[in-house]
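As structure tokens, the structure follows; a few thoughts come after it.
The values are calculated or read from the model by the stated rules, or taken from the named source; none is laboratory data. On a predicted model such as this, the values are computed, not experimentally measured, just so you know. Here the Cβ is made from the backbone with ideal geometry for all residues, glycine too, and neighbour counts use every protein chain on show.
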Amino acid sequence: MKKGQVSVELMIIIGIILILIIPSIVFVFNFIRNEGNDDFAVSQADVITSRIKYTINMVGSTGTGSALKTEIEIPYGFEGISTEEDEIILKIWTSPGLTDFAKVTDYQIISNGLDKIKAPGTYILEISALNETYVNVTLM
């Protein structure tokens with residue numbers, strides 16, 4: 001066997017190994033990155049709905065005429081935010097599909113402008129108590 005032949009065979013073996021390993025590394029990296037994005041979006045959605053819920057409950061319990069502003073950071077994968085009676089609902093896309101995050105408040109919710117939130121970003125909401133039963137949530 002010649003030295004040149006050994007070098008060529010070694011390079012071929014290393015090339016085959018790299019051809020098998022590199023796509024596997026790329027696949028694992030993309031999988032981990034997507035899972036991380038989902039985890040971040042899920043935790044962010046939970047924080048948003050919790051923050052709105054607690055602000056609504058605080059303003060409602062303070063009484064008629066009270067108001068607070070709160071800042072929310074909408075994550076990537078955002079689909080929509082809405083209210084139904086005493087519930088705040090945030091929808092985001094994750095790997096399994098569309099996921100709803102809902103929190104029930106102690107007060108009935110009237111929302112103004114939440115349907116205008118269409119993209120990820122920072123938004124300010126003003127939450128004000130209308131009376132003992134209703135709280136208004138307005139996009140600023």
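Some points to look at:
- Neighbours by Cβ (under 8 Å, 6+ apart or cross-chain): first from region 37-63, under 19 Å from Tyr76 (Cβ atoms); second among the small types (Gly, Ala, Ser) and surrounded by fewer than 17 Cβ atoms within 10 Å (Cβ to Cβ): Asp38/Ser95; Thr49/Ala102
- Residue count, region 5-44 (criterion: closer than 30 Å to Thr99 by Cα, exposed (fewer than 10 other Cβ atoms within 10 Å of the Cβ) and at pLDDT 85 or above): 0
- Residue check, Ile81 assigned to a strand (DSSP E or B), more than 20 Å from the chain's Cα centre (by Cα) and under 30 Å from Asn131 (Cβ atoms): no
- Residues of region 52-78 satisfying the condition of being outside any strand (DSSP E or B), within 19 Å of Lys116 (Cα to Cα) and among the basic types (Lys, Arg): none
- Within region 40-72, the only residue that satisfies the criterion of being aromatic (Phe, Trp, Tyr) and under 21 Å from Glu84 (Cα atoms) is Tyr54.
- Looking across region 84-96 at every residue that is part of a loop (DSSP other than H, G, I, E, B) and not acidic (Asp, Glu), the one that is modelled with the lowest pLDDT is identified as Ser95.
- In region 93-140, the residues that are among the polar types (S, T, N, Q), within 17 Å of Phe78 (Cα to Cα) and touching a helix residue (DSSP H, G or I) at 6+ places or on another chain (Cβ under 9 Å): Thr94, Ser95, Thr99
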